[in-house]
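K.L.:
Below: one structure in structure tokens.
The values are calculated or read from the model by the stated rules, or taken from the named source; none is laboratory data. Keep in mind the model is a prediction, meaning the values are calculated, not measured. Note: ideal-geometry Cβ built from the backbone for every residue, glycine included; neighbour counts use all protein chains shown.
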Amino acid sequence: MNKVIIAAVSLAAMSGAAFAQQPASPVTPAAPAAPATAAAGSDAMMAGPGIAMGTAATMPLKYVEIKDDDLVTSKLVGVNIYNKTNESVGEISDVVVGGGKSVIGIVASVGGFLGIGTSYVVLDPASVALNNDNGTWKAYVDTTKDALSKAPKLDYDKFKK
């Protein structure tokens, strides 16, 4: 269930910038969200659009209609990343949702062979283009393997737990 929620939020956040599509339209009209205030003994906090961080939802449940051409993160993870010369430079490992609000990074695995020597870097989503090439999703960036190998590394094992 958590993967479905994260996929929906990631999809909505990425659909405008990365896919140049309209965001998914709600099936039921959305009621305006009243800001949550932190109560004694509760970890509810102020929340805006996106996933609320805490133990209580800040608005009534609503549903979103997903279209056939929308991309969910389960299809995004594992997508090969290519540069301008169509050279494979990495693979998408994960999507980072910052503060439950929007996609702030795409984790790319670079280098290594069969998982040995692989390192991870976080790419700004605005610097990644996605394309469905005859049923196979591909990601494109303007960089080289060498530049990615020198990029700031993410200790990805900390975030997998």
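K.L.:
Quick check on region 109-145: of everything there that is closer than 13 Å to Asn80 by Cα and among the polar types (S, T, N, Q), which residue is surrounded by the fewest Cβ atoms within 10 Å (Cβ to Cβ)?
P.N.:
The residue in question is Thr136.
K.L.:
Touching a residue at least 60 places away in the same chain (Cβ under 8 Å) and part of a strand (DSSP E or B): which single residue out of Val96, Val121, Val107, Val103 fits that description?
P.N.:
Just a single option satisfies the conditions, and that option is Val103.
K.L.:
While we're looking at this one, here's another question. Can we say Gly100 is modelled with pLDDT under 85, under 18 Å from Lys153 (Cα atoms), surrounded by fewer than 19 Cβ atoms within 10 Å (Cβ to Cβ) and not polar (S, T, N, Q)?
P.N.:
No.
K.L.:
Of the conditions (1) part of a loop (DSSP other than H, G, I, E, B); (2) at pLDDT 85 or above; (3) under 30 Å from Asp146 (Cα atoms), Lys62 clears all except one; give me its number.
P.N.:
All conditions are met except number (3).
K.L.:
I'm trying to understand the selection: among the residues of region 117-129, which are out of contact with any Ser or Thr (no Cβ under 9 Å at 6 or more places or on another chain) and farther than 15 Å from Ser93 by Cβ?
P.N.:
Residues satisfying the conditions are Asp124, Ala126, Ala129.
K.L.:
Here are the criteria: (1) more than 15 Å from the chain's Cα centre (by Cα); (2) of a type outside the set (A, V, I, L, M); (3) at pLDDT below 90. Tell me which single one Tyr140 does not satisfy.
P.N.:
In the conditions (1) more than 15 Å from the chain's Cα centre (by Cα); (2) of a type outside the set (A, V, I, L, M); (3) at pLDDT below 90, Tyr140 misses (3) alone.
K.L.:
Pick from Ile106, Ile66: which is within 13 Å of the chain's Cα centre (by Cα) and either among the β-branched types (Val, Ile, Thr) or surrounded by fewer than 16 Cβ atoms within 10 Å (Cβ to Cβ) (or both)?
P.N.:
Of Ile106, Ile66, the one residue that is within 13 Å of the chain's Cα centre (by Cα) and either among the β-branched types (Val, Ile, Thr) or surrounded by fewer than 16 Cβ atoms within 10 Å (Cβ to Cβ) (or both) is Ile106.
K.L.:
Could you list, in sequence order, all residues of region 124-139 that are in contact (Cβ under 8 Å) with a residue 12 or more places away in the chain and among the small types (Gly, Ala, Ser)?
P.N.:
Ala126, Ser127, Ala129, Ala139
K.L.:
May I pose another question? If you scan region 69-91, which residues turn out to be crowded, with 16+ Cβ neighbours inside 10 Å and within 10 Å of the chain's Cα centre (by Cα)?
P.N.:
Correct list: Thr73, Leu76.
K.L.:
A further question follows. Note down all Cβ pairs under 9 Å where the first residue falls in region 140-156 and is touching a residue at least 60 places away in the same chain (Cβ under 8 Å), the second is β-branched (Val, Ile, Thr) and exposed (fewer than 14 other Cβ atoms within 10 Å of the Cβ), and they're at least six residues apart or on different chains.
P.N.:
From region 140-156, the pairs are Thr144/Thr85.
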